[in-house]
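Participant: Got a structure for you, written out below as structure tokens; questions coming shortly.
The values are calculated or read from the model by the stated rules, or taken from the named source; none is laboratory data. Small disclaimer: the values here were computed from a predicted structure and weren't measured. For neighbour counting, all protein chains shown are included, and Cβ atoms are generated from backbone atoms with ideal geometry for every residue, glycine included. Only protein heavy atoms, including side chains, enter the accessible area calculation; ligands, DNA and RNA are left aside. Shrake-Rupley method; radii C 1.70, N 1.55, O 1.52, S 1.80 Å.
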Amino acid sequence: QVQLVESGGGLVQPGGSLRLSCAASGTIFSIYSMRWYRQAPGKQRELVAAISSAGSTNYADSVKGRFTISRDNAKKMVYVQMNSLKPEDTAVYYCNADIIVSGTARVANYWGQGTQVTVSS
């Protein structure tokens, strides 16, 4: 069984910063790409940032220059540092990862339960 658990969400004023964390646990053999998605009320879930197992990153245009994704492979964690936050960044943020479970030979995709980020004065 694999779990992804996010933390670090909350209420922040415009221009402020937050750091989200996501911890993967369970019988994990290997983790490939890890991603952060977000979903605002009434909108589709969108990809915010992704990082490969080698550390290559890509970002949505809306967050480039403000958000930084990183990972710690030893700890099985992924982070996103969010700076210069705007009200339009308000959403539930989800962690997502491609994982090989120990004892299997297939890659499966997993989601966390989400953490709320609210940017408001």
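Participant: What number of residues within segment 21-56 satisfy the criterion of being closer than 20 Å to residue 85 by Cα and either open to solvent by less than 70 Å² (accessible area, probe 1.4 Å) or of a type in the set (A, V, I, L, M, F, W, C) (or both)?
Facilitator: 12
Participant: Among the listed residues 70, 120, 84, 53, identify the single one that is in contact (Cβ under 8 Å) with a residue 40 or more places away in the chain and out of contact with any Gly (no Cβ under 7 Å at 6 or more places or on another chain).
Facilitator: 120
Participant: While we're here: Mind counting the residues in segment 97-121 that are more than 26 Å from residue 14 (Cα to Cα), out of contact with any Asp or Glu (no Cβ under 9 Å at 6 or more places or on another chain) and modelled with pLDDT of 95 or more?
Facilitator: So the answer is 5.
Participant: Could I ask something else about it? So which residues in segment 62-80 are under 29 Å from residue 29 (Cβ atoms) and open to solvent by 60 Å² or more (accessible area, probe 1.4 Å)?
Facilitator: 68, 73, 74, 75, 76, listed by residue number.
Participant: For segment 88-117, enumerate the residues that are surrounded by 12 or more Cβ atoms within 10 Å (Cβ to Cβ) and either acidic (Asp, Glu) or free of Cβ contacts under 8 Å to residues at least 24 places away in the same chain (or both).
Facilitator: Across segment 88-117, the qualifying residues are 89, 98.
Participant: I've got another one for you. Would segment 43-65 turn up any residue that is out of contact with any strand residue (DSSP E or B) (no Cβ under 8 Å at 6 or more places or on another chain), of a type in the set (A, V, I, L, M) and within 20 Å of residue 19 (Cβ to Cβ)?
Facilitator: The answer is no, given that none of the residues of segment 43-65 is out of contact with any strand residue (DSSP E or B) (no Cβ under 8 Å at 6 or more places or on another chain), of a type in the set (A, V, I, L, M) and within 20 Å of residue 19 (Cβ to Cβ).
Participant: Restricted to segment 84-121, and to residues that are part of a strand (DSSP E or B) and small (Gly, Ala, Ser), which residue is nearest to residue 5 (Cα to Cα)?
Facilitator: Kept after step one, since they are part of a strand (DSSP E or B), are these residues of segment 84-121: 91-101, 107-111, 115-119.
From what is left, the residues that are small (Gly, Ala, Ser) are 91, 97, 108.
Working: 91: 17, 97: 11, 108: 17 Å.
For segment 84-121, the residue satisfying everything is 97.
Participant: Keeping to segment 6-19, report how many residues are surrounded by 14 or more Cβ atoms within 10 Å (Cβ to Cβ) and under 28 Å from residue 106 (Cα atoms).
Facilitator: Of the residues in that region, 1 qualify.
Participant: Only one of (1) within 15 Å of residue 117 (Cα to Cα); (2) open to solvent by 50 Å² or more (accessible area, probe 1.4 Å) is not met by residue 59, so which one is it?
Facilitator: Only one criterion is unmet by residue 59, namely (1).
Participant: Before we move on, is residue 49 in a strand (DSSP E or B), within 27 Å of residue 13 (Cβ to Cβ), of a type in the set (A, V, I, L, M, F, W, C) and at pLDDT 95 or above? Working first, answer last.
Facilitator: Working: in a strand (DSSP E or B): yes; within 27 Å of residue 13 (Cβ to Cβ): yes; of a type in the set (A, V, I, L, M, F, W, C): yes; at pLDDT 95 or above: yes.
Answer is yes for this residue.
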